[in-house]
């Protein structure tokens, strides 16, 4: 079996698929999302959304150019569709989220919500010529003249497919967070404070009744940004 597949028994726990129906399962192509935070497009069409019964049918749907990811037509069945991505199949639009069991879900959203997505700022790099790149959680890099208002851990809302920033959610007390890891995965909560460690230990974020590491905190504008979110 080629490296484009992995054994079902060792596939990520975030994939909501049965483990013992067959030996192999398709692996997403390398991309902006980690393998734990995305699933390959052909697998989503066949095993999650059920719009295709076989891999061949999924390929046929993709080549009919009726499928888009983040507003761009996609024909590659190995393309990973991951956290907060917008998947469009025909007239239906879906947003990828993590549920409270840590499983990737592709939940139906209104067409008006499919024109933008929230992205977490992972860092930024200054380039030659004074330009700065903003690095987002889905592997996207935005080239900007001035990124001083954006910091790691913030979130931005970008338009699709234009990739223009329309909103900014800074990391501060009272900000609404969507948790993408730990024992409170899939829940939303308001930030109460941040503890920056002066060591190799991860920074921590405090909430009303618990705390978690900063890497698990994804800022959003409102609970409606997460279809089906449970607070």
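Since every read-out is calculated from the coordinates, none of them should be taken as a lab result. Treat the numbers as computed from the prediction; the structure is a model and nothing was measured. Backbone-built Cβ (ideal geometry, glycine too); neighbour counts: all protein chains shown.
Tabulated data for the structure shown
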{"item": "Fully extended contour minus Cα-Cα distance, from residue 9 to residue 183, at 0.36 nm per residue", "result": "60.3 nm"}
{"item": "Label-point separation in nm, residue 24 to residue 122, each point 7 Å along Cα→Cβ", "result": "2.8 nm"}
{"item": "Convex hull volume per residue in cubic angstrom - Cα atoms of segment 5-109", "result": "93 Å³"}
{"item": "Peptides 32-45, 176-189 ordered by average Cβ neighbours within 10 Å, highest first", "result": "32-45, 176-189"}
{"item": "At q = 0.08, 0.09 Å⁻¹, base-10 log of I(q)/I(0) for the chain (Debye sum, equal scatterers on each alpha carbon)", "result": "-0.31, -0.39"}
{"item": "Expected 222 nm ellipticity per residue - DSSP helices of 4 or more, -39500 (n - 2.57), all of the chain, to 500", "result": "-1000 deg cm²/dmol"}
{"item": "Relative pair counts by distance (%), Cα atoms of segment 114-169, 5 Å bins", "result": "4, 21, 33, 25, 12, 4, 1"}
{"item": "Separation of the residue 203 and residue 149 label points, Cα + 7 Å toward Cβ, nm", "result": "2.0 nm"}
{"item": "Most to least packed among 130-141, 84-95 [average Cβ atoms within 10 Å]", "result": "84-95, 130-141"}
{"item": "Ranked packing of 17-23, 98-104, 77-83, most packed first, by mean Cβ within 10 Å", "result": "77-83, 98-104, 17-23"}
{"item": "Rg followed by Dmax, in Å, when segment 89-185 is reduced to its Cα trace", "result": "15.1, 46"}
{"item": "Inter-site label distance for residue 92 and residue 17 at 7 Å from Cα along Cβ, in nm", "result": "1.8 nm"}
{"item": "Per-pair calculated FRET efficiency, R0 = 25 Å: residue 166 and residue 54 via Cβ, rounded to 0.05", "result": "0.05"}
{"item": "Whole-angstrom gap from segment 142-174 to segment 193-231, using each part's C-alpha centre", "result": "17 Å"}
{"item": "In range of the label at residue 112: residues from segment 138-174 whose backbone nitrogen is under 19 Å from the point 7 Å along Cα→Cβ", "result": "157-161, 166-167"}
